[in-house]
Amino acid sequence: MSPPEDAPTDGTALSLDHVGVRFGGLVALDDVSLRVPPGRIVGVIGPNGAGKTTLFNVVCGFVPPTSGTLTLDGRPFRPRPHRLTRLGIARTLQGVGLFPGLSVLENVMAGATHTARAGFAAALFGLPRSDRDERRLRERAREVLAELGVDRHAHASPATLPYAVRKRVALARALIARPRLLLLDEPAGGLSAEDIDELARLITTLPTRTGAACSVMLVEHHMDLVMSVCDHIVVLDFGKVIAAGTPAQVRDDPRVTEAYLGAEVIAGETAGPAPGAPDAGPGADDGAPDASGGAPDADGAVRR
Ligand SMILES: Nc1ncnc2c1ncn2[C@@H]1O[C@H](COP(=O)(O)OP(=O)(O)OP(=O)(O)O)[C@@H](O)[C@H]1O
Ligand SMILES: [Mg+2]
């Protein structure tokens, strides 16, 4: 159930208990338990293939868990992709994932269609209420784009824009629905150091945004960003939680260093050059990572 459109929120609590996911013989998640308290930023880190995106896919209902349970605000939660926005959950994809045939503004509006009150018939016949809703949505999309500093690109086609701008548009599309839980999958991937600093500032404001505060789950390879913005970090390796705690606790945990060093050794043995940047279209990198092995990436990611 969604709160009234303008009601202030302070984020949603999410719990995963003993969640497992198998893809045939491959165990992608193994007995994973974690909690995202309201208004907190929880990081999920781990080498390539550790199961981070799969975890997001479970929360979004794209991948059904083979075992375990989820709870949202204390209630049992069986995620369905088409109900996420209504439940106050939004996500950005690993990569960008904008619709190439829509303008920037339309892409952002697409993130909030559930908030428009017009029914299907009204929209179909272009009745006044539908116009009003669309105008309101358009204004709101512009506001969010302005908040992220990219409103001047409102009428551009995403393909013509620099990668960093497209990443912001993707974030705007997630924020327009005023989520109470936001899942960010590698938001810093492919960004410059300056853009990452700005992203870090933005992420830390999310739990206290006026009228739209949210809890955040952040998957990210960029360690400086994770360490600087997260309240709590969960470390996955081969689908298992191998460590969890504050940034300082995780940084000092030998199991974490070992997991990353192990990944580097494997990468060194098997890899070609790191995969290059950024995707081109919707859904890119959305669930199944590419099969390329790799060395440390340009953004510091350790590729396995
Ligand atoms: N749809 C799928 N079908 C089969 N295997 C999958 C699928 N999605 C993911 N996997 C496998 O599950 C494991 C976890 O993948 P996942 O994408 O969750 O890793 P990740 O931690 O997000 O990695 P990265 O840092 O590279 O994005 C990998 O071995 C991957 O190949
Ligand atoms: Mg991933």
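Considered as a group, the residues in region 145-165 that are β-branched (V, I, T) and farther than 11 Å from L105 by Cβ include one that is surrounded by the most Cβ atoms within 10 Å (Cβ to Cβ), and that residue is V165.
The criterion of at least 3 residues that are at pLDDT below 95 is met by none of the strands (runs of 3 or more DSSP E) falling completely within region 198-276. Scanning region 46-67 for residues that are near ligand 1 (Cβ under 9 Å from one of its atoms) and outside any loop (DSSP other than H, G, I, E, B) yields K52, T53, T54, L55, F56, N57.
Filter region 68-97 down to residues that are touching a His at 6+ places or on another chain (Cβ under 8 Å) and not in a strand (DSSP E or B) and give me whichever is nearest to ligand 1 (Cβ to nearest atom).
From region 68-97, those touching a His at 6+ places or on another chain (Cβ under 8 Å) are 68-69, 85-86; that's our starting set.
Filter once more, keeping what is not in a strand (DSSP E or B): 85-86.
On the way: T85: 23, R86: 25 Å.
Once the filter is applied, the top-ranked residue is T85.
Return the residue satisfying two criteria in turn: it lies in region 169-186 and is in contact with a His (Cβ under 9 Å, 6 or more places away or on another chain) and either within 24 Å of G101 (Cβ to Cβ) or free of Cβ contacts under 8 Å to residues at least 40 places away in the same chain (or both), and of such residues it is farthest from ligand 1 (Cβ to nearest atom). Ranking the qualifying residues of region 169-186, first place goes to A177. For region 47-66, the set of residues classified as in contact with a Lys or Arg (Cβ under 8 Å, 6 or more places away or on another chain) and of a type in the set (S, T, Y) consists of T66 only.
This table checks each residue for (1) free of Cβ contacts under 8 Å to residues at least 12 places away in the same chain; (2) of a type in the set (D, E, K, R); (3) surrounded by fewer than 22 Cβ atoms within 10 Å (Cβ to Cβ); (4) out of contact with any Asp or Glu (no Cβ under 8 Å at 6 or more places or on another chain).
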{"position": "T205", "(1), (2), (3), (4)": "yes, no, yes, yes"}
{"position": "T210", "(1), (2), (3), (4)": "no, no, yes, yes"}
{"position": "M227", "(1), (2), (3), (4)": "no, no, yes, yes"}
{"position": "I233", "(1), (2), (3), (4)": "no, no, no, yes"}
{"position": "R251", "(1), (2), (3), (4)": "no, yes, yes, yes"}
{"position": "A259", "(1), (2), (3), (4)": "no, no, no, no"}
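Applying the selection to region 30-52, what residues are within 13 Å of ligand 2 (Cβ to nearest atom), among the β-branched types (V, I, T) and either modelled with pLDDT under 95 or farther than 24 Å from R178 by Cα (or both)? Listed by number, the list holds a single entry, I45.
Would you check if G189 is at pLDDT below 95, within 16 Å of ligand 2 (Cβ to nearest atom), assigned to a loop (DSSP other than H, G, I, E, B) and out of contact with any helix residue (DSSP H, G or I) (no Cβ under 6 Å at 6 or more places or on another chain)? Steps first, answer last, please.
Details: at pLDDT below 95: yes; within 16 Å of ligand 2 (Cβ to nearest atom): yes; assigned to a loop (DSSP other than H, G, I, E, B): yes; out of contact with any helix residue (DSSP H, G or I) (no Cβ under 6 Å at 6 or more places or on another chain): yes.
Yes: the conditions hold for G189.
Name the single residue that is farthest from G211 (Cα to Cα) among those in region 89-108 being buried (at least 23 other Cβ atoms within 10 Å of the Cβ) and more than 16 Å from ligand 2 (Cβ to nearest atom). Among those that are buried (at least 23 other Cβ atoms within 10 Å of the Cβ) and more than 16 Å from ligand 2 (Cβ to nearest atom), it is L98.
The values are calculated or read from the model by the stated rules, or taken from the named source; none is laboratory data. For clarity, every value in this text was computed on a predicted model and none was experimentally measured. Ideal geometry is used to build each Cβ from the backbone, glycine not excepted, and the neighbour counts take in all protein chains shown.
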